[in-house]
Amino acid sequence: KQLCYAGPCPSGTTCVVPGTVFVGVCEPPCDPLAEDACPAGQACMPAGFGFACHLAEPAPVDAECSANGHCAPGSACLEAAQCGDAGESCCAALCDLSDSECPEGQTCLDLGSPLPAYESVGYCDAG
């Protein structure tokens, strides 16, 4: 796999920087709302201009995290109301903005990105 620094990557891949380091890996794009978006042991996570498969730890939704690679498939490391104190991050479930399937008491909120790859993807928030 090719290393990257927030891009550029070969055609058909996206630069995934999985943690607090500044070096990433070029990975194929994926659909974060698809159950089988990535091979076993990987998760479809935000990656700059879209979503890409990358190795992931199986931390469950609402578990503390410091990077997207710490969260299980179907979630991303975000600041959300259910995370506890302001400024803390936890693994928040991803959702389809047009068809929210969040747990009771949570709402599907926009990720806030103007990029086309993010336009239908949100996250479940208790706020």
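Can you work out which of the residues in region 94-127 that are polar (S, T, N, Q) and closer than 16 Å to Gln82 by Cα is surrounded by the most Cβ atoms within 10 Å (Cβ to Cβ)? Among those that are polar (S, T, N, Q) and closer than 16 Å to Gln82 by Cα, it is Gln106. Would you kindly identify the strands (runs of 3 or more DSSP E) lying entirely within region 62-127 that contain at least 2 residues that are at pLDDT 85 or above and more than 24 Å from Ala40 (Cα to Cα)? Once the strands (runs of 3 or more DSSP E) in region 62-127 are filtered for at least 2 residues that are at pLDDT 85 or above and more than 24 Å from Ala40 (Cα to Cα), what remains is 107-110.
Residues of region 12-60 that are assigned to a loop (DSSP other than H, G, I, E, B), over 15 Å from Ala72 (Cβ atoms) and at pLDDT below 85: Gly12, Thr13, Val17, Gly19, Thr20, Val21, Phe22, Val23, Pro28, Gly48, Phe49.
Rundown of residues vs (1) of a type in the set (A, V, I, L, M, F, W, C); (2) surrounded by 21 or more Cβ atoms within 10 Å (Cβ to Cβ); (3) out of contact with any Pro (no Cβ under 9 Å at 6 or more places or on another chain), yes/no style:
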{"site": "Ser11", "(1), (2), (3)": "no, no, yes"}
{"site": "Cys15", "(1), (2), (3)": "yes, yes, no"}
{"site": "Pro28", "(1), (2), (3)": "no, no, yes"}
{"site": "Ala34", "(1), (2), (3)": "yes, no, yes"}
{"site": "Ala37", "(1), (2), (3)": "yes, no, no"}
{"site": "Ala47", "(1), (2), (3)": "yes, yes, no"}
{"site": "Cys53", "(1), (2), (3)": "yes, yes, no"}
{"site": "Asn68", "(1), (2), (3)": "no, yes, no"}
{"site": "Gly74", "(1), (2), (3)": "no, no, no"}
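The values are calculated or read from the model by the stated rules, or taken from the named source; none is laboratory data. Because the structure is a prediction, the values reported are computed rather than measured. Here Cβ is always computed from backbone atoms with ideal geometry, including for glycine, and neighbour counts include all displayed protein chains.
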